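First the structure, in the form of structure tokens, and then the observations on it.
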Amino acid sequence: MKTINTVAELRTTVARWRANGERVALVPTMGNLHAGHLQLVEQAKKNANRVIVSIFVNPMQFSNLNGDSGDFERYPRTFEDDCKKLSAIDYQPDIIFAPSVQAMYPAGFKRETRIEVPEISNILCGEFRPGHFVGVATVVAKLFNMAQPDVAVFGEKDFQQLLVIRRFVTDLCFPVEIIGMPTVREKNGLAMSSRNAYLSSEERERAATLYQTLQQAQQQIEAGERDFAMIQTQATAKLEKTGFRPEYFEIRRAQDLQAATDTDKQWVILAAAWLGEARLIDNIVMESPD
Ligand code: PAF
């Protein structure tokens, strides 16, 4: 496993692999790796001869693009630890690609070309984090152009992010297969996330309520309840009672995150809520029983 910091060296290495007819997978991350990330790497290894894990804390997705840098500075950076975790697994990647901000955005991200996916970028998380999905789509597109992967693997915990990525890949004709992997959870059901590092041990236990509330909503729908607004209101109240500060709790059509209707094939129940210093997101995708 080798660490590469420059785009030029990454390109030379990938070109050599490609010349040998090898299939290349990319797992984009911002580091602070947990078991969920390691499963993405395992899946990548199953789908390619060569695996690149990128570790880059992307300032553009923390920014509202007007100067506010959000929680970019305090995002946990654990590069040494991440390398240890990746070298300890059987399905070790071939390369860790860890570019500097300068290498990623030579002209500064506020002055560079951006990718904006309309309709799904400004709702839900996008409403509370303006500019976030422009930052995600732009950096992922850059990583695709730098690493030239055949396949890229992402977690389904970031459901909206995955839709944004699938959409720009289709719209802009990127020749990359996108694989989504199910959310990996702690024993109590809490979705694994780098942001869980901000939770105290007491909050970590309480945080499981987020997933339980999603499950309850799912059960209500499975039992035939179709008053989605009522389910959302009840769920929000439950989260507030447990000490969360919910941003949204929504039942949406899975395909495009628009309002759910009885005729949809698949729904997704999504929530974002603060607990203490941590902003947590989670979701459950369900087939419509009708
Ligand atoms: O999910 C993440 O860790 C990031 O949003 C990603 C996809 C690596 C882009 O910076």
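The values are calculated or read from the model by the stated rules, or taken from the named source; none is laboratory data. All figures in this text were calculated on a predicted structure; none of them were measured in a lab. Neighbour counts are summed over all protein chains in view; Cβ atoms, including those assigned to glycine, are modelled from backbone coordinates with ideal geometry.
Summary of values
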{"read-out": "Number of the exception - E119 against (1) more than 25 Å from Q39 (Cα to Cα); (2) more than 21 Å from the chain's Cα centre (by Cα); (3) of a type in the set (D, E)", "value": "(2)"}
{"read-out": "Residue within region 7-28 that is assigned to a loop (DSSP other than H, G, I, E, B), touching a residue at least 12 places away in the same chain (Cβ under 8 Å) and polar (S, T, N, Q) present", "value": "no"}
{"read-out": "Residues of region 166-180 that turn out to be away from the ligand (no atom under 12 Å from the Cβ) and part of a strand (DSSP E or B), as a count", "value": "2"}
{"read-out": "Pair list, Cβ < 7 Å and 6+ apart or interchain, from region 190-202 residues that are more than 17 Å from A272 (Cβ to Cβ) to residues that are within 16 Å of the ligand (Cβ to nearest atom) and not acidic (D, E)", "value": "A197/N32; A197/P76"}
{"read-out": "Subset of region 178-209 [under 30 Å from I115 (Cβ atoms) and touching a helix residue (DSSP H, G or I) at 6+ places or on another chain (Cβ under 8 Å)]", "value": "I178, I179, G180, M181, T183, V184, A191, M192, S193, N196"}
{"read-out": "Hits in region 141-155 (condition: under 27 Å from I251 (Cα atoms) and of a type in the set (A, V, I, L, M, F, W, C))", "value": "V153, F154"}
{"read-out": "All positions within region 212-234 that are free of Cβ contacts under 8 Å to residues at least 24 places away in the same chain and of a type in the set (V, I, T)", "value": "I231, T233"}
{"read-out": "Single residue of region 130-165 satisfying the filter (charged (D, E, K, R) and in contact with a strand residue (DSSP E or B) (Cβ under 9 Å, 6 or more places away or on another chain)) that is nearest to the ligand (Cβ to nearest atom)", "value": "D158"}
{"read-out": "Q255 vs. criteria more than 23 Å from V184 (Cβ to Cβ), surrounded by fewer than 20 Cβ atoms within 10 Å (Cβ to Cβ) and within 21 Å of the chain's Cα centre (by Cα)", "value": "yes"}
{"read-out": "Residues of region 202-224 satisfying the condition of being surrounded by fewer than 16 Cβ atoms within 10 Å (Cβ to Cβ) and part of a loop (DSSP other than H, G, I, E, B)", "value": "A223, G224"}
{"read-out": "Qualifying position, being farther than 25 Å from T78 by Cα and buried (at least 18 other Cβ atoms within 10 Å of the Cβ), among L270, L199", "value": "L270"}
{"read-out": "Subset of region 181-201 (residues that are among the hydroxyl-bearing types (S, T, Y), part of a loop (DSSP other than H, G, I, E, B) and within 16 Å of the ligand (Cβ to nearest atom))", "value": "T183, S193"}
{"read-out": "Region 111-129 - residue that is under 17 Å from Q255 (Cα atoms) and touching a residue at least 60 places away in the same chain (Cβ under 8 Å) and, of those, nearest to the ligand (Cβ to nearest atom)", "value": "C125"}
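Let's see how each residue does on (1) at pLDDT below 95; (2) crowded, with 19+ Cβ neighbours inside 10 Å:
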position	(1), (2)
S100	no, no
K110	yes, no
I115	no, yes
S121	no, yes
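Here is a yes/no grid of residues against (1) within 22 Å of V164 (Cβ to Cβ); (2) buried (at least 20 other Cβ atoms within 10 Å of the Cβ):
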residue: G21; (1), (2): no, no
residue: A25; (1), (2): yes, yes
residue: L38; (1), (2): no, no
residue: P76; (1), (2): no, no
residue: K84; (1), (2): no, no
residue: E127; (1), (2): yes, no
residue: H132; (1), (2): yes, yes
